[in-house]
Amino acid sequence: MTAQLAQIGNEVRQSHACLTVVGAGPGDIELITLKAIKVLRTADVILYDALVNEELLEYAPQAECIFVGKRKGCYAYQQAQINELIVRRAKSHGHVVRLKGGDPFVFGRGAEEMEYAAAHGLEVGMVPGISSSLSVPAYQNIPVTKRGAAESFWVITGTTKEHKLSEDVALAAKSSATVVILMGMSKLPQIVELFKSEGKSETPIAIIQNGTREDEKVGIGTIQTIEQIVSEKLLTNPAIIIIGEVVRHRELLLKAKLEFGSDENVGLSAVETAKSN
Ligand SMILES: C[S@@+](CC[C@H](N)C(=O)[O-])C[C@H]1O[C@@H](n2cnc3c(N)ncnc32)[C@H](O)[C@@H]1O
(Lines give C-alpha, C1' and ligand atoms only; values in the text may rest on other atoms or scores of the structure.)
Protein backbone atom coordinates (compact mmCIF):
# COMPACT_ATOMS: atom_id res chain seq x y z
CA MET A 1 0.00 0.00 0.00
CA THR A 2 1.29 3.50 -0.75
CA ALA A 3 2.05 5.98 2.03
CA GLN A 4 -1.06 7.65 3.36
CA LEU A 5 -1.08 11.39 3.69
CA ALA A 6 -3.69 13.77 5.03
CA GLN A 7 -3.40 17.41 4.17
CA ILE A 8 -4.22 19.61 7.16
CA GLY A 9 -3.33 23.23 6.47
CA ASN A 10 0.33 23.16 5.44
CA GLU A 11 1.04 19.90 7.18
CA VAL A 12 1.20 16.64 5.28
CA ARG A 13 0.74 13.83 7.78
CA GLN A 14 1.34 10.11 7.55
CA SER A 15 -1.71 8.21 8.62
CA HIS A 16 -4.05 5.30 8.02
CA ALA A 17 -7.70 5.61 7.09
CA CYS A 18 -7.69 9.20 5.95
CA LEU A 19 -9.67 11.43 3.63
CA THR A 20 -8.43 14.40 1.67
CA VAL A 21 -11.08 16.46 -0.08
CA VAL A 22 -9.44 18.01 -3.13
CA GLY A 23 -10.55 20.73 -5.55
CA ALA A 24 -10.03 19.75 -9.18
CA GLY A 25 -10.64 23.21 -10.66
CA PRO A 26 -13.18 24.13 -13.33
CA GLY A 27 -12.21 21.75 -16.14
CA ASP A 28 -9.01 22.89 -17.86
CA ILE A 29 -6.51 20.38 -16.45
CA GLU A 30 -3.93 23.09 -15.92
CA LEU A 31 -6.25 24.82 -13.46
CA ILE A 32 -5.47 22.47 -10.58
CA THR A 33 -3.05 23.30 -7.79
CA LEU A 34 0.39 21.73 -7.34
CA LYS A 35 -0.71 20.65 -3.88
CA ALA A 36 -3.70 18.81 -5.34
CA ILE A 37 -1.44 16.92 -7.75
CA LYS A 38 0.87 16.00 -4.87
CA VAL A 39 -2.08 14.57 -2.97
CA LEU A 40 -3.41 12.68 -6.02
CA ARG A 41 -0.04 10.94 -6.31
CA THR A 42 -0.47 9.54 -2.79
CA ALA A 43 -4.08 8.37 -3.15
CA ASP A 44 -5.07 4.76 -2.71
CA VAL A 45 -8.64 5.43 -3.81
CA ILE A 46 -10.15 8.40 -5.66
CA LEU A 47 -13.86 9.11 -5.65
CA TYR A 48 -14.63 11.70 -8.32
CA ASP A 49 -17.58 13.67 -9.67
CA ALA A 50 -18.98 14.38 -13.12
CA LEU A 51 -17.44 17.88 -13.32
CA VAL A 52 -13.93 16.56 -12.76
CA ASN A 53 -11.76 16.33 -15.88
CA GLU A 54 -10.90 12.61 -16.02
CA GLU A 55 -7.46 13.39 -17.48
CA LEU A 56 -6.48 14.41 -13.93
CA LEU A 57 -6.74 10.76 -12.88
CA GLU A 58 -3.55 10.15 -14.85
CA TYR A 59 -1.70 11.71 -11.90
CA ALA A 60 -2.79 8.70 -9.85
CA PRO A 61 -2.16 5.51 -11.86
CA GLN A 62 -1.69 3.66 -8.55
CA ALA A 63 -5.17 4.51 -7.28
CA GLU A 64 -8.50 2.79 -7.63
CA CYS A 65 -10.76 5.42 -9.26
CA ILE A 66 -14.50 5.33 -8.64
CA PHE A 67 -16.93 7.62 -10.43
CA VAL A 68 -19.62 8.72 -7.98
CA GLY A 69 -21.15 11.59 -9.96
CA LYS A 70 -24.41 11.91 -11.83
CA ARG A 71 -24.21 11.10 -15.51
CA LYS A 72 -26.81 9.74 -17.94
CA GLY A 73 -26.62 5.96 -18.15
CA CYS A 74 -24.57 5.67 -14.92
CA TYR A 75 -25.68 4.51 -11.51
CA ALA A 76 -26.28 7.65 -9.39
CA TYR A 77 -24.81 7.42 -5.90
CA GLN A 78 -26.79 9.06 -3.09
CA GLN A 79 -24.82 11.32 -0.73
CA ALA A 80 -25.22 8.84 2.15
CA GLN A 81 -23.73 6.08 -0.01
CA ILE A 82 -20.76 8.28 -0.94
CA ASN A 83 -20.15 9.06 2.73
CA GLU A 84 -20.19 5.36 3.58
CA LEU A 85 -17.97 4.47 0.66
CA ILE A 86 -15.38 7.01 1.81
CA VAL A 87 -15.27 5.50 5.27
CA ARG A 88 -15.25 1.88 4.10
CA ARG A 89 -12.54 2.43 1.47
CA ALA A 90 -10.38 4.45 3.85
CA LYS A 91 -10.56 1.68 6.45
CA SER A 92 -9.75 -1.01 3.89
CA HIS A 93 -7.31 0.84 1.60
CA GLY A 94 -5.91 3.88 3.45
CA HIS A 95 -5.88 7.26 1.75
CA VAL A 96 -9.12 8.24 0.04
CA VAL A 97 -9.11 11.37 -2.11
CA ARG A 98 -12.47 12.93 -2.78
CA LEU A 99 -11.89 14.84 -6.00
CA LYS A 100 -14.50 17.50 -6.71
CA GLY A 101 -15.06 20.05 -9.48
CA GLY A 102 -13.98 23.62 -8.72
CA ASP A 103 -13.55 24.21 -5.01
CA PRO A 104 -15.06 21.55 -2.71
CA PHE A 105 -16.35 24.17 -0.26
CA VAL A 106 -18.32 26.12 -2.91
CA PHE A 107 -21.59 24.21 -3.33
CA GLY A 108 -19.51 21.06 -3.24
CA ARG A 109 -20.63 19.26 -0.07
CA GLY A 110 -16.98 18.91 0.84
CA ALA A 111 -17.59 20.05 4.41
CA GLU A 112 -20.35 17.48 4.95
CA GLU A 113 -18.17 14.64 3.73
CA MET A 114 -15.31 15.75 5.97
CA GLU A 115 -17.61 15.92 8.99
CA TYR A 116 -18.96 12.43 8.33
CA ALA A 117 -15.49 10.99 7.83
CA ALA A 118 -14.13 12.67 10.97
CA ALA A 119 -17.09 11.40 12.99
CA HIS A 120 -16.15 7.88 11.85
CA GLY A 121 -12.57 8.13 12.98
CA LEU A 122 -10.83 9.19 9.76
CA GLU A 123 -8.13 11.80 9.68
CA VAL A 124 -9.41 14.50 7.34
CA GLY A 125 -7.89 17.32 5.31
CA MET A 126 -8.63 19.45 2.32
CA VAL A 127 -6.91 21.12 -0.61
CA PRO A 128 -8.84 24.09 -2.03
CA GLY A 129 -9.54 24.32 -5.72
CA ILE A 130 -10.14 27.08 -8.25
CA SER A 131 -13.88 27.59 -8.20
CA SER A 132 -15.79 27.82 -11.46
CA SER A 133 -17.64 30.79 -9.95
CA LEU A 134 -14.56 32.98 -10.46
CA SER A 135 -12.49 31.20 -13.07
CA VAL A 136 -15.16 30.49 -15.67
CA PRO A 137 -16.09 34.20 -16.04
CA ALA A 138 -12.39 35.12 -15.83
CA TYR A 139 -11.54 32.84 -18.77
CA GLN A 140 -14.05 34.84 -20.79
CA ASN A 141 -12.44 38.11 -19.67
CA ILE A 142 -15.24 38.87 -17.24
CA PRO A 143 -13.97 40.08 -13.85
CA VAL A 144 -16.42 39.69 -10.98
CA THR A 145 -15.43 43.07 -9.53
CA LYS A 146 -14.16 46.11 -11.36
CA ARG A 147 -13.67 49.66 -10.17
CA GLY A 148 -16.69 51.72 -11.17
CA ALA A 149 -18.68 48.65 -12.25
CA ALA A 150 -19.09 46.41 -9.19
CA GLU A 151 -17.98 46.69 -5.60
CA SER A 152 -18.98 43.19 -4.61
CA PHE A 153 -20.24 39.92 -5.98
CA TRP A 154 -22.70 37.27 -4.89
CA VAL A 155 -22.25 33.60 -5.71
CA ILE A 156 -25.63 31.96 -5.40
CA THR A 157 -27.08 28.56 -6.11
CA GLY A 158 -29.96 28.80 -8.58
CA THR A 159 -31.50 25.64 -7.16
CA THR A 160 -31.88 24.96 -3.45
CA LYS A 161 -32.21 21.51 -1.92
CA GLU A 162 -36.00 21.95 -2.19
CA HIS A 163 -35.46 22.47 -5.96
CA LYS A 164 -36.55 26.10 -5.69
CA LEU A 165 -34.81 29.27 -6.84
CA SER A 166 -32.79 30.63 -3.92
CA GLU A 167 -34.46 33.63 -2.30
CA ASP A 168 -31.05 35.28 -2.28
CA VAL A 169 -31.38 35.86 -6.03
CA ALA A 170 -34.19 38.36 -5.38
CA LEU A 171 -32.05 40.12 -2.76
CA ALA A 172 -29.04 40.20 -5.07
CA ALA A 173 -31.16 41.60 -7.91
CA LYS A 174 -31.84 44.65 -5.73
CA SER A 175 -28.13 45.30 -5.20
CA SER A 176 -25.49 46.76 -7.49
CA ALA A 177 -23.35 43.64 -7.08
CA THR A 178 -22.27 41.24 -9.78
CA VAL A 179 -24.49 38.18 -9.47
CA VAL A 180 -22.98 34.79 -10.28
CA ILE A 181 -25.50 31.96 -10.32
CA LEU A 182 -24.52 28.30 -10.35
CA MET A 183 -27.01 25.53 -11.13
CA GLY A 184 -29.46 28.15 -12.38
CA MET A 185 -30.21 27.21 -15.98
CA SER A 186 -33.56 25.56 -15.26
CA LYS A 187 -34.59 28.71 -13.37
CA LEU A 188 -33.52 31.20 -16.06
CA PRO A 189 -37.07 32.45 -16.83
CA GLN A 190 -37.64 33.20 -13.12
CA ILE A 191 -34.25 34.91 -12.82
CA VAL A 192 -34.99 37.07 -15.86
CA GLU A 193 -38.37 38.08 -14.42
CA LEU A 194 -36.78 39.05 -11.08
CA PHE A 195 -34.23 41.32 -12.74
CA LYS A 196 -36.88 42.84 -15.01
CA SER A 197 -39.02 43.63 -11.99
CA GLU A 198 -36.04 45.61 -10.63
CA GLY A 199 -35.91 47.66 -13.86
CA LYS A 200 -32.78 45.85 -15.06
CA SER A 201 -33.86 44.70 -18.53
CA GLU A 202 -30.77 46.25 -20.10
CA THR A 203 -28.29 44.81 -17.60
CA PRO A 204 -25.67 42.68 -19.34
CA ILE A 205 -25.64 38.94 -18.71
CA ALA A 206 -23.35 36.13 -19.78
CA ILE A 207 -23.98 32.40 -19.75
CA ILE A 208 -20.99 30.10 -20.03
CA GLN A 209 -21.39 26.38 -20.49
CA ASN A 210 -18.47 23.97 -19.90
CA GLY A 211 -16.25 26.91 -19.05
CA THR A 212 -12.46 26.51 -19.54
CA ARG A 213 -13.03 23.26 -21.41
CA GLU A 214 -12.53 22.51 -25.11
CA ASP A 215 -16.30 22.41 -25.63
CA GLU A 216 -16.95 25.75 -23.91
CA LYS A 217 -19.97 27.70 -25.19
CA VAL A 218 -20.80 31.31 -24.45
CA GLY A 219 -23.91 33.46 -24.77
CA ILE A 220 -23.78 37.20 -24.09
CA GLY A 221 -26.79 39.51 -24.03
CA THR A 222 -28.98 41.53 -21.75
CA ILE A 223 -31.68 40.42 -19.33
CA GLN A 224 -34.14 41.25 -22.13
CA THR A 225 -32.44 39.14 -24.82
CA ILE A 226 -30.75 36.27 -22.99
CA GLU A 227 -33.52 33.67 -23.23
CA GLN A 228 -33.58 34.03 -27.01
CA ILE A 229 -29.77 33.68 -27.10
CA VAL A 230 -29.88 30.57 -24.92
CA SER A 231 -32.36 28.89 -27.23
CA GLU A 232 -30.44 29.90 -30.38
CA LYS A 233 -27.11 28.66 -29.00
CA LEU A 234 -28.64 25.64 -27.24
CA LEU A 235 -26.91 26.55 -23.99
CA THR A 236 -27.47 24.08 -21.21
CA ASN A 237 -25.90 22.62 -18.03
CA PRO A 238 -23.27 22.76 -16.64
CA ALA A 239 -23.33 26.52 -16.98
CA ILE A 240 -22.72 29.67 -15.03
CA ILE A 241 -24.83 32.80 -15.22
CA ILE A 242 -23.10 36.15 -14.66
CA ILE A 243 -25.22 39.26 -14.35
CA GLY A 244 -23.85 42.79 -14.08
CA GLU A 245 -22.02 45.66 -15.73
CA VAL A 246 -18.73 43.71 -15.46
CA VAL A 247 -19.86 41.64 -18.45
CA ARG A 248 -19.18 44.71 -20.61
CA HIS A 249 -15.48 44.45 -19.77
CA ARG A 250 -15.24 41.66 -22.34
CA GLU A 251 -16.65 43.96 -25.04
CA LEU A 252 -14.35 46.81 -23.99
CA LEU A 253 -11.33 44.55 -24.40
CA LEU A 254 -12.63 43.40 -27.73
CA LYS A 255 -13.04 47.00 -28.93
CA ALA A 256 -9.56 47.95 -27.73
CA LYS A 257 -8.03 45.00 -29.51
CA LEU A 258 -9.84 45.90 -32.74
CA GLU A 259 -8.74 49.51 -32.43
CA PHE A 260 -5.11 48.52 -32.10
CA GLY A 261 -5.38 46.06 -34.94
CA SER A 262 -4.50 42.94 -32.95
CA ASP A 263 -7.70 41.22 -33.98
CA GLU A 264 -6.13 37.75 -34.17
CA ASN A 265 -7.59 36.33 -30.97
CA VAL A 266 -10.34 38.87 -30.39
CA GLY A 267 -13.27 37.49 -28.46
CA LEU A 268 -11.67 34.12 -27.95
CA SER A 269 -11.65 32.47 -24.58
CA ALA A 270 -8.33 31.62 -22.97
CA VAL A 271 -8.80 28.00 -24.10
CA GLU A 272 -9.42 29.02 -27.70
CA THR A 273 -6.52 31.46 -27.61
CA ALA A 274 -4.17 28.77 -26.31
CA LYS A 275 -5.37 26.40 -29.03
CA SER A 276 -4.91 28.96 -31.81
CA ASN A 277 -1.34 29.82 -30.77
C1 LIG B 1 -22.53 21.47 -7.59
S2 LIG B 1 -21.90 22.97 -8.24
C3 LIG B 1 -20.21 22.76 -7.88
C4 LIG B 1 -19.38 24.02 -7.98
C5 LIG B 1 -17.92 23.78 -7.72
N6 LIG B 1 -17.69 23.32 -6.38
C7 LIG B 1 -17.07 25.01 -7.98
O8 LIG B 1 -16.49 25.59 -7.07
O9 LIG B 1 -16.94 25.38 -9.17
C10 LIG B 1 -22.00 22.61 -9.96
C11 LIG B 1 -22.33 23.83 -10.78
O12 LIG B 1 -21.18 24.65 -10.93
C13 LIG B 1 -21.18 25.26 -12.19
N14 LIG B 1 -19.99 24.81 -12.94
C15 LIG B 1 -19.01 24.04 -12.48
N16 LIG B 1 -18.03 23.90 -13.39
C17 LIG B 1 -18.42 24.61 -14.47
C18 LIG B 1 -17.84 24.88 -15.73
N19 LIG B 1 -16.66 24.38 -16.09
N20 LIG B 1 -18.52 25.67 -16.60
C21 LIG B 1 -19.72 26.20 -16.25
N22 LIG B 1 -20.31 25.99 -15.07
C23 LIG B 1 -19.67 25.20 -14.19
C24 LIG B 1 -22.49 24.85 -12.88
O25 LIG B 1 -23.46 25.81 -12.56
C26 LIG B 1 -22.75 23.53 -12.21
O27 LIG B 1 -24.11 23.18 -12.31
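The values are calculated or read from the model by the stated rules, or taken from the named source; none is laboratory data. This is a predicted model, so every value here is computed, not measured. Neighbour counts run over all protein chains shown; Cβ positions are idealised from the backbone, glycine included. The accessibility values were calculated without ligands, DNA or RNA, using every heavy atom of the protein model including side chains. Shrake-Rupley method; radii C 1.70, N 1.55, O 1.52, S 1.80 Å.
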Accessible area per residue, 1.4 Å probe, Å², for the chain: what's the number?
50 Å²
When a/c reaches 1.5 or more, the comparison of a/b and b/c decides; with that in mind, is the range 5-130 rounded, prolate or oblate per its Cα gyration tensor?
rounded
Over the range 195-238, what relative contact order in percent results from Cα pairs under 8 Å that are six or more residues apart?
37 percent
Only helical DSSP H runs with n ≥ 4 go in: add -39500 (n - 2.57) per run for the chain, normalise by residue count and round the 222 nm mean residue ellipticity to 500 deg cm²/dmol.
-8500 deg cm²/dmol
Using a 1.4 Å probe over the heavy atoms of the protein chains, calculate the carbon and sulfur portion of the accessible area of the chain as a whole percent.
54 percent
Residue 44 accessible area, 1.4 Å probe, all protein chains in place, Å² to nearest 10
20 Å²
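May I ask you to derive the relative contact order of the range 5-130, considering only C-alpha pairs under 8 Å and at least 6 residues apart, and to give it as an integer percent?
Worked out over the range 5-130, it gives 42 percent.
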Work out, step by step, the length gained on full extension between residue 193 and residue 214: first 0.36 nm times the residue separation, then minus their alpha carbon distance; give nm to one decimal.
4.4 nm
Any idea what the relative contact order of the range 133-270 is, in percent, if you count C-alpha pairs under 8 Å spaced at least 6 apart?
28 percent
Dipole check, the chain, charges on Cβ (K,R +1; D,E -1), about Cα centroid: among 178, 16, 137 the Cα furthest to the positive pole belongs to 16
Note, ³J(HN,Hα) from phi for the range 152-157, Karplus 6.51, -1.76, 1.60, rounded to Hz, x at Gly and Pro
7, 9, 10, 10, 10, 7
Using a simple charge model, +1 on the beta-carbon of Lys and Arg, -1 on the beta-carbon of Asp and Glu, nothing else, what dipole does the chain show about its Cα centre, in debye to the nearest 20?
300 debye
Distance from the Cα centre of the range 222-250 to that of the range 81-137, in angstrom?
31 Å
Which longest uninterrupted range of the chain lacks any trypsin sites (Lys or Arg not before Pro) assigned by DSSP to a loop state (not H, G, I, E or B) and surrounded by at most 12 other Cβ atoms within 10 Å?
165-277
What percent antiparallel are the DSSP beta bridges of the range 133-270, to the nearest 5?
75 percent
Read phi for every residue in the range 243-249 and hand back ³J(HN,Hα) as whole Hz from Karplus 6.51 cos²θ - 1.76 cosθ + 1.60, θ = phi - 60°, with x for Gly and Pro.
10, x, 4, 4, 4, 5, 4
Efficiency of FRET from Cβ geometry, residue 234 and residue 175, R₀ 30 Å, rounded to 0.05:
0.45
If the chain were replaced by its equivalent ellipsoid, with semi-axes equal to the square roots of 5 times the Cα gyration tensor eigenvalues, what would those be, largest first, whole Å?
37, 21, 16
Compute the long axis of helix 110-119 from its Cα atoms, compare it with the longest principal axis of the Cα atoms of the chain, and write down the angle in degrees, 0 to 90, nearest 10.
20 degrees
Just to be sure I follow the definition: excluding the sites themselves, where is the longest run in the chain that has none of the GluC sites (Glu not before Pro) in a DSSP loop with at most 11 other Cβ atoms within 10 Å?
31-161
Calculate the spin-label point distance for residue 255 paired with residue 201, positioning each point 7 Å from the Cα along the beta-carbon direction, and give it in nanometres.
2.3 nm
